1. If I go through the stretch 217-233 residue by residue, how many of them are out of contact with any Phe, Trp or Tyr (no Cβ under 8 Å at 6 or more places or on another chain) and of a type outside the set (D, E)?
2. Suppose we keep only residues that are surrounded by fewer than 20 Cβ atoms within 10 Å (Cβ to Cβ) and at pLDDT 90 or above within the stretch 189-206. Which one would you say is nearest to F33 (Cα to Cα)?
3. R93 is checked against (1) of a type outside the set (A, V, I, L, M, F, W, C); (2) more than 23 Å from I231 (Cβ to Cβ); (3) out of contact with any helix residue (DSSP H, G or I) (no Cβ under 7 Å at 6 or more places or on another chain) and fails just one. What number does that condition carry?
4. How about the stretch 58-77: which of its residues are surrounded by 18 or more Cβ atoms within 10 Å (Cβ to Cβ) and within 22 Å of A130 (Cβ to Cβ)?
5. Conditions first: (1) at pLDDT below 95; (2) surrounded by 14 or more Cβ atoms within 10 Å (Cβ to Cβ); (3) farther than 19 Å from L35 by Cα. V256 passes all but one, so which condition is the exception?
6. How many residues, within the stretch 92-109, are part of a strand (DSSP E or B), surrounded by fewer than 18 Cβ atoms within 10 Å (Cβ to Cβ) and of a type outside the set (D, E, K, R)?
7. Which of the residues that make up the stretch 217-248 are surrounded by 13 or more Cβ atoms within 10 Å (Cβ to Cβ), over 27 Å from A205 (Cα atoms) and small (G, A, S)?
Amino acid sequence: MLKAIAILLLLPSVALGQMPGDVRYMQYDGTAFDLDNGNVRYIESHYVKLDGDQAADRLVLYRCTDGQAFARKRVTTRGASAWLPSFEMYDERIRYREGLTELDNALTVFYQTDDENEKAALQAPSDLVADAGFDRFVVDNWDKLAAGETLRFNFLVPSRLDFLSFKVRKLESFSIDGRKAMVFRLGLTGLLGLIVSGIDVAYDAQTRLLLRFSGLSNVRDEDGDNYVVRIDFPPDDRQMGTSPMAFDAAAEETLVSACKT
């Protein structure tokens, strides 16, 4: 069950206030630490194409501690459906692929391994959220969450070719790197919520940028088990105005089949 509900929302939101048509590029890294022993498990390199305040196209390279990339994810906003972007993630180490695609206004969810190649047509409810769309969901509902309201929604789980019912609520506020952070907990509803631990996400209370993620990762180890990590996104490390060539290079970077230990 833990493998099936790994959350794929690790793409921090962007500061608001830009006009549509103002295309810019942003780049930053996040470091994933094992929650049990504090060891660095992997590094995320994010490359984001912004159209105004919307992340229109995004790439994430998942890197070994020596910097070599072993997995890649691409997320593309589908028109006005910021909560339900198209995406695809592929991990070369375990040869696993999953995602959501759109063709002729029809949605297909899929996953693929060496032994399985499964896909299904998706009838999406109006409150369906997928992948980094959760980040936009939080920003769009910020005032409700900040006021203490618990929100319920459906979240896509590609490995199940389906979606599950989730809820999110505010936990507490504390300081991260000198910035006031607002923390929200994401968890399953119903009986599954009593079995599976929640995921905590901490946002900068002023800029609404994701500062920290704690819980079950979308990245798996070589045995196929999802890491349980804390991922820190230092807010001062975001590089605005980076070249589109960096984005294109990330899309073509060779993935390695194993990390050196």
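The values are calculated or read from the model by the stated rules, or taken from the named source; none is laboratory data. Bear in mind the structure is a predicted one, so any value in this text is a computation, not a measurement. In this analysis, Cβ positions are derived from the backbone assuming ideal geometry, glycine residues included, and neighbour counts consider all displayed protein chains.
1. Counting residues in the stretch 217-233 that are out of contact with any Phe, Trp or Tyr (no Cβ under 8 Å at 6 or more places or on another chain) and of a type outside the set (D, E) gives 3.
2. Ranking the candidates gives D200 first.
3. With (1) of a type outside the set (A, V, I, L, M, F, W, C); (2) more than 23 Å from I231 (Cβ to Cβ); (3) out of contact with any helix residue (DSSP H, G or I) (no Cβ under 7 Å at 6 or more places or on another chain) applied to R93, the lone miss is (2).
4. R58, L59, V60, L61, Y62, A71, R72, K73, R74, V75, T77, listed by residue number.
5. Every listed condition holds for V256 apart from (1).
6. Of the residues in the stretch 92-109, 4 are part of a strand (DSSP E or B), surrounded by fewer than 18 Cβ atoms within 10 Å (Cβ to Cβ) and of a type outside the set (D, E, K, R).
7. Of everything in the stretch 217-248, just one residue is surrounded by 13 or more Cβ atoms within 10 Å (Cβ to Cβ), over 27 Å from A205 (Cα atoms) and small (G, A, S), namely A246.
This table checks each residue for (1) more than 26 Å from D225 (Cβ to Cβ); (2) out of contact with any strand residue (DSSP E or B) (no Cβ under 9 Å at 6 or more places or on another chain); (3) of a type in the set (K, R).
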site: V129; (1), (2), (3): no, no, no
site: R136; (1), (2), (3): yes, no, yes
site: V139; (1), (2), (3): yes, no, no
site: D143; (1), (2), (3): yes, yes, no
site: V157; (1), (2), (3): no, no, no
site: F174; (1), (2), (3): yes, no, no
site: D177; (1), (2), (3): yes, no, no
site: L188; (1), (2), (3): no, no, no
